[in-house]
Amino acid sequence: MPPVALALVAAALTASAWAIRAHYLGESARGQVYVAKPLATLLILVLAFVLVPIRDDYRWLVAAGLLFSLAGDVFLMLPRDRFVAGLASFLVAHLFYLAAFSADVPFGAAPFFWPPFFAAGGVVLALVWPGLKPALRAPVAAYVVVIAAMAAQAAGRWSLLGGGAALSAAIGAGLFMASDAVLAINRFRWPFRAGRAINLAAYWAAQLLIAFSVSAG
């Protein structure tokens, strides 16, 4: 990995740790969250362009996913509730990731990976369903379908292609799904103090791994 890429990884990890810490400092640190949270994702987006890509189309699709993730970060940190806008931004991000993971293998080419991911998504959806407002139920259900498909496609792609880049994408996609599960349970069912830290740490780890998958090494 080139030195500039290593510097970007270190900066992204620092910004993510800063954002997680600031979330626990309350209103006095809201300004820090406004800086650190989008900065961490922005640095990962830059990383995707610094790495030497295996395929240009794959990199652009991953970059688009990171860009819409950045928009989702901004919507979800605003003082007024922009949950639906944030959810929509991340849904589009996952559609771009799904397209990236389908760029070099057929869509659904490894169908045996799909039931476990959809079952996991269904369990989380069932857990949070009572805490969802009626207007949120359809958007959240659609989001679960898309992220489960994205993670299943990434896992299937790795099973077909092998290699470190495909494995990085598969682990990143799985971590993204786990991160969102923690966020949903913490927000809509059982709030717990460590929930934000676990959610954000898994989220940025997922984004880093997906960005790493742009390059063969």
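Couplings 3J(HN,Hα) of segment 22-35, computed from phi: 5, 4, 8, 9, x, 4, 5, 10, 4, x, 5, 4, 4, 8 Hz, in residue order, whole Hz [Karplus 6.51 cos²θ - 1.76 cosθ + 1.60, θ = phi - 60°; x for Gly and Pro].
A value for Rg and Dmax of the Cα atoms in Å was derived from the coordinates, and within the list (i) 17.5, 61; (ii) 16.7, 50; (iii) 15.9, 47 it appears as (ii). Rounded to whole numbers, the Karplus 3J(HN,Hα) couplings from phi for segment 109-115 are 6, 10, x, 5, 7, 6, x Hz, using 6.51 cos²θ - 1.76 cosθ + 1.60 with θ = phi - 60°, and x at Gly and Pro. Give the distance, in whole Å, between the Cα centre of segment 148-217 and the Cα centre of segment 12-86. Taking the Cα centre of segment 12-86 as reference, the centre of segment 148-217 is 15 Å away.
How much length is gained on full extension from ALA141 to ALA109, taking 0.36 nm per residue of separation minus their Cα-Cα distance? Before the final figure, lay out each step's value.
On the way: separation 32, 0.36 × 32 = 11.52 nm, distance 2.37 nm.
The span from ALA141 to ALA109 would gain 9.2 nm if fully extended.
For segment 23-115, what relative contact order do you get, as a whole percent, if you take Cα pairs closer than 8 Å and at least 6 residues apart? It comes to 26 percent, rounded to a whole number. Note on VAL4 and ALA216: with the Förster distance fixed at 22 Å, the Cβ-Cβ geometry gives a FRET efficiency of about 0.80.
Scalar couplings 3J(HN,Hα) for segment 82-92, obtained by applying the Karplus form with A = 6.51, B = -1.76, C = 1.60 to θ = phi - 60°, are 10, 4, 5, 5, x, 4, 5, 5, 5, 4, 5 Hz; x denotes Gly and Pro.
Within the listed set VAL124, VAL62, VAL144, the residue fluctuating most in the Gaussian network model of the chain (springs between alpha-carbon atoms under 10 angstrom) is VAL124.
A Förster radius of 41 Å combined with the Cβ-Cβ distance from LEU78 to ASP56 puts the calculated FRET efficiency at roughly 0.75. In the chain, taking the dipole from charged Cβ atoms about the Cα centre, the farthest positive-side position among HIS94, ALA205, TRP129 is held by TRP129.
Mean residue ellipticity at 222 nm, helices only, the chain: -27000 deg cm²/dmol; runs of at least 4 DSSP H residues each add -39,500 (n - 2.57), and the sum is divided by the number of residues.
Counting other beta carbons within 10 Å of each Cβ, put TYR143, TYR97, TYR24 in order, fewest first. If you can, show how the numbers build up before the last one.
On the way: TYR143 20, TYR97 31, TYR24 11.
By the 10 Å Cβ count, ascending: TYR24, TYR143, TYR97.
How high is the relative contact order of the chain, in percent, counting Cα pairs under 8 Å that sit 6 or more residues apart?
On the way: 309 pairs, mean separation 50.0, N = 217.
Value for the chain: 23 percent.
Since every read-out is calculated from the coordinates, none of them should be taken as a lab result. These figures come from a predicted structure and were not determined experimentally. Here the Cβ is made from the backbone with ideal geometry for all residues, glycine too, and neighbour counts use every protein chain on show.
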